[in-house]
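In what follows, a single structure is set out as structure tokens and then discussed.
The values are calculated or read from the model by the stated rules, or taken from the named source; none is laboratory data. All of these numbers come straight from a predicted model, not from anything done at the bench. For neighbour counting, all protein chains shown are included, and Cβ atoms are generated from backbone atoms with ideal geometry for every residue, glycine included. These area figures cover heavy atoms from the full protein model, side chains too; ligands, DNA and RNA do not enter into them. Shrake-Rupley method; radii C 1.70, N 1.55, O 1.52, S 1.80 Å.
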Amino acid sequence: MPPFASTMPPRNDLIRSQGISPLSDIITIDVGGQLFQTTKQTLALAGPKSLFSQFSQSTHVSLAPLFIDRDPELFSILLSLLRTGNLPSKAKAFDLEDLIAESKFYNVEPLLVNSLSNPSLFDAFNLERSLTLPLNGRDFPSAMATTSFGTLHVAHGSKITSFDWALRRKSTILTQFTAIDSLLAISPTLAAAGATDFSGMQILDLEKGSVKETLCWENVTRSSSTVQAIGSSPDFLLTSFESGRRNSNSIMVYDLQTFSPVTEIAHCEIYGADLDSAIPATKLKWVESHNVVMASGSHSGPSGILGNVKLWDIRSGNVIWELKERVDCFSDITVSDSLSAIFKVGVNSGEVFYTDLRKLGDTDSNPWICLGDKRKVLNVKKEGNGCKIEAHGNQVFCSKGGDVELWSEVAMNSSKKSEDGLPDRVFRRNLMGRAKDIGGSRITNLAFGGSKMFLTRKDQQSVEVWQSSIRGF
């Protein structure tokens, strides 16, 4: 759960007496002239730092009920949240800003966040376009980053605009970058940013608008080190660097709390026409189930677009699996722990492919299984150019032009198995959104946070928010 910094103003003037019976756990509270009864156990659920918890711990005896000079209707909503863990349906009659302000007074905003923006509330099949967030200035979004509970950071030009979990509060800071190509949310107020034309990765304090730390890679030629990709695991910050002379690249591993260097992997010095070594990792994804990082990159050469995908063991610094892309190289690639598979969208075909992580030991030179039209694999029209693919939960999302395809695995009869003894896998495609949501400019970024999906479009100075039609305010 994201941290929330809040200060509790003195409330002695609001609390006139402690209406707690010594013979019972029942507490009577007078809120703005309306009486409420609840138990100490219910109030304790608000957490030790909340005002509710202070009520439950009080031992003072008085015949008069506790009095709080606040709105009783909003108090009723928050009390119901404590009792059930969910907001009641009548909460939709109130403005979310009022609920947030009241939750901050009682210091229970994390409970409100958990109820409204919990990742478990994400419903891929009911997403629809619900909101557009405008950005300041004339620059278009180049990168997005989210926290698990829905805080959103958007890089556009030299600026980063942040939206809180409720998308109600917005702030913008100016950075030293001309344009930001890689962005990772470390917390609601801290982000890692880098660019392919600027030396070093910066840890930015988004509240103060300042650089907390700059991390650089010292390459052999002692030239600048530009950032090609940023990723993370629960414990580490991962950064793909390339030397300013473009003759070496590496992946640095930092401690996510102290930002001190832990180890270096994938160090390549480029000699002659060794194109494989010349490809820095442009996407880093952590694979929790295998405790490895997936590093992928591609390069346009005389014989077309070439790429490689490698799974690195950080502890040993060794590659445990590698695939060189020669035919229909990926335009974009991702990995899903939930589905135990790597997914790509082919740059030529524009079709989605997958390879099963459970078959990493296979020696098949082409482990990809096409989920679409196999005849397009040898296509030279580059129909997949610019397509984006991301995995979230048990689904895979792939942008095609201005639309988003949703791929899900269909449960099949487990008795039917392939040659390797594993059940056959079947994925089905759905087009997201209602008829009014379909189409638009080409999608340039996809991100997920809390119960929402965020996307940006070419030549548009805004972010689209997609969320379930049955939830939200």
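Take the alpha carbon atoms of the range 225-276, find their center, do the same for the range 135-198, and report the distance between the two centers in whole angstrom.
So the two Cα centres are separated by 22 Å.
To the nearest 10 degrees, how steep is helix 72-84 against the longest Cα principal axis of the chain, on a 0 to 90 scale?
60
Quick one: length gained pulling THR42 to ALA411 fully straight, 0.36 nm per residue minus the C-alpha distance?
Working: separation 369, 0.36 × 369 = 132.84 nm, distance 4.07 nm.
Length gained between THR42 and ALA411: 128.8 nm.
Given only helices, namely DSSP H runs of n ≥ 4 each adding -39500 (n - 2.57), what is the per-residue ellipticity at 222 nm of the chain, to the nearest 500 deg cm²/dmol?
On the way: 5 runs with 43 residues, N = 473.
Helix contribution divided over all residues of the chain: -2500 deg cm²/dmol.
In degrees between 0 and 90, to the nearest 10, how far off the longest principal axis of the chain does helix 96-105 point, with axes built from Cα atoms?
Long axis of 96-105 versus the principal axis of the chain: about 60 degrees.
Along Cα→Cβ, 7 Å out, is where each label goes; now give me the distance between the ones at LYS90 and SER441 in nm to one decimal.
It works out to 4.5 nm between the two label points.
LEU133 to VAL426: extension gain in nm, 0.36 nm per residue of separation minus the Cα-Cα distance? Don't skip to the end; give the middle numbers.
Working: separation 293, 0.36 × 293 = 105.48 nm, distance 3.65 nm.
Between LEU133 and VAL426, full extension yields 101.8 nm more.
Going 7 Å from the Cα of THR28 toward and past its Cβ, which residues in the range 106-127 have a backbone nitrogen under 15 Å from where you end up?
Zone members listed by number: none at all.
Sticking with the crude label model, points 7 Å out along Cα→Cβ, report the distance from ARG245 to VAL220 in nm, one decimal please.
Modelled inter-label distance: 0.9 nm.
If you wrap the chain's Cα atoms in a convex hull and average its projection over all directions, what's the area in nm²? Working shown, then result.
Values: hull surface 108.3 nm².
If you wrap the Cα atoms of the chain in a convex hull and average its projections, you get 27.1 nm².
Looking at the range 262-345, I'd like the Rg to Rh ratio, where Rg is from alpha-carbon atoms and Rh is Kirkwood's inverse mean 1/r. Can you show the working numbers first?
Working: Rg = 13.1 Å, Rh = 13.5 Å.
With Rh from the inverse mean 1/r over Cα pairs, Rg/Rh is 0.97.
Across every pair of different alpha-carbon atoms, what Kirkwood hydrodynamic radius in Å does the range 24-124 reach? All intermediate terms of the calculation are to be shown ahead of the outcome.
On the way: mean 1/r = 0.0705 Å⁻¹.
Taking the inverse mean of 1/r over all distinct Cα pairs, the range 24-124 comes out at 14.2 Å.
About its Cα centre, what dipole magnitude does the range 251-365 give when the only charges are +1 on Lys and Arg Cβ and -1 on Asp and Glu Cβ, stated in debye to the nearest 20? If you can, show how the numbers build up before the last one.
Working: 9 positive and 16 negative charges, 18 e Å.
Using only the charged Cβ atoms, the result is roughly 80 debye.
For the chain, with all protein chains present and a 1.4 Å probe, just round the carbon and sulfur fraction of the accessible area to a whole percent. Intermediate values should be presented prior to the final figure.
On the way: 10570 of 21920 Å².
After summing per-atom areas, the C and S share lands at 48 percent.
Once you have the Cα-Cα distance between ALA64 and VAL327, take 0.36 nm times their residue separation minus that, and quote the gain in nm to one decimal. Each step should come with its number before you reach the end.
Working: separation 263, 0.36 × 263 = 94.68 nm, distance 7.89 nm.
Full-extension gain reported as 86.8 nm.
Hey, could you get me the Stokes-Einstein D for the range 92-134, Kirkwood radius over alpha-carbon pairs, 4 °C and 1.567 mPa s, rounded to whole µm² s⁻¹?
Values: Rh = 12.3 Å.
Estimated diffusion coefficient is 106 µm²/s.
Counting Lys +1, Arg +1, Asp -1, Glu -1, what net charge surrounds THR258 among other residues with beta carbon under 14 Å of its beta carbon?
That sum, taken over residues with Cβ under 14 Å, equals -2.
Note down the accessible area of ARG169, probe 1.4 Å, to the nearest 10 Å².
Solvent-accessible area, nearest 10 Å²: 100 Å².
So what is the accessible area of the chain per residue, in Å², with the probe set to 1.4 Å?
On the way: 21920 Å² over 473 residues.
That works out to 46 Å² per residue.
Rank these residues by their accessible area, most exposed first, probe 1.4 Å: THR196, THR161. Don't skip to the answer; put the middle values down first.
Details: THR196 70, THR161 0 Å².
The ordering from most to least exposed comes out as THR196, THR161.
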